[in-house]
1. Out of the range A:28-57, which residues are touching a residue at least 60 places away in the same chain (Cβ under 8 Å) and hydroxyl-bearing (S, T, Y)?
2. Answer yes or no as to whether A:L86 is surrounded by 17 or more Cβ atoms within 10 Å (Cβ to Cβ), part of a loop (DSSP other than H, G, I, E, B) and either within 12 Å of the chain's Cα centre (by Cα) or modelled with pLDDT of 95 or more (or both).
3. Just give me the residues in the range A:89-118 being in a strand (DSSP E or B) and at the interface with chain B (Cβ under 8 Å from one of its Cβ atoms), in sequence order.
4. I'm trying to understand the selection: among the residues of the range B:89-113, which are more than 10 Å from every other protein chain (Cβ to nearest Cβ) and of a type in the set (F, W, Y)?
5. Determine the pairs where a residue that is of a type outside the set (D, E), located within the range A:98-110, has a partner that is exposed (fewer than 15 other Cβ atoms within 10 Å of the Cβ) and not in a loop (DSSP other than H, G, I, E, B) with Cβ atoms under 8 Å apart, the partner being 6 or more residues away or on another chain.
6. Starting from residues that are surrounded by fewer than 22 Cβ atoms within 10 Å (Cβ to Cβ) and not charged (D, E, K, R), keep the ones in the range A:34-47 and report whichever is nearest to the chain's Cα centre (by Cα).
Amino acid sequence: QVQLVQSGAEVKKPGASVKVSCKASGYTFNSHYLHWVRQAPGQGLEWMGVINPSGGGTRYAQKFQGRVTMTRDTSASTVYMELSSLRSEDTAVYYCARDLPEAPFDYWGQGTLITVSS
Amino acid sequence: DIVMTQSPDSLAVSLGERATINCKSSQSVFYSSNNKNYLAWYQQKPGQPPKLLIYWASTRESGVPDRFSGSGSGTDFTLTISSLQAEDVAVYYCQQYYTTPRTFGQGTKVEIE
């Protein structure tokens, strides 16, 4: 069955960076794009960007340009999202989610809580 | 970017009654070449990731109860829960996948009255 399994919760200090992983299984890794979506406590869903595992191409939300980097390791069927220059407002649950082109997000990871606190 | 606006922000409905959530997009998400609306609805329960309920504005995902239905076209869409059950208490989001960036509505919290 399709699974997206994310790395565990982390606590970071302001100014630091964090790298979250999302390991895919149960389907052909290169066949679906993988997106990152975050959700601050008590807030809605915010799209951050997308990576094409096939070629590694990425597109990021303008808000995160320059601070976010999405990469993939095809040998491990894993994508990564690194966010730098963390601030308290980055405290959120970060999700990966997959889709096909022109399709909704049909599977989501379990979420990774990133807490930014001094 | 396409802005998605949901209404209301929250609603309380009695068990067995109808719940209706609206979603409006700032531009059309209808693609005439394939006659499809690129609009999805998700359900999110506390501590869980969102779950896909409806796509193409009105197609239920496999396993979703038929009390959930979606309608609308162009810029105006509706999610209806025909007979609210206790397990339907959640936050519901609409999302457009017509273009990138993918954008979500702000969410509508559904509670039992």
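The values are calculated or read from the model by the stated rules, or taken from the named source; none is laboratory data. Note that the coordinates shown come from a computational prediction; the quantities given were computed from them, not determined experimentally. Positions of Cβ are generated from backbone atoms using ideal geometry, with glycine treated the same way; all protein chains shown enter the neighbour counts.
1. A:S31, A:Y33
2. Yes, satisfied.
3. A:Y95, A:A97, A:D99, A:W108
4. B:Y92
5. As it stands, the answer is A:L100/A:S31; A:Y107/A:Q3; A:G109/A:V5; A:Q110/A:V5, since those pairs meet every condition given.
6. A:Q39
To keep it simple, each residue is scored yes or no on (1) within 14 Å of another protein chain (Cβ to nearest Cβ); (2) within 28 Å of A:G42 (Cβ to Cβ); (3) charged (D, E, K, R); (4) under 10 Å from the mean Cα position of the chain (by Cα).
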position: B:K24; (1), (2), (3), (4): no, yes, yes, no
position: B:T59; (1), (2), (3), (4): yes, no, no, no
position: B:P65; (1), (2), (3), (4): no, yes, no, no
position: B:F77; (1), (2), (3), (4): yes, yes, no, yes
position: B:L84; (1), (2), (3), (4): no, yes, no, no
position: B:E87; (1), (2), (3), (4): no, yes, yes, no
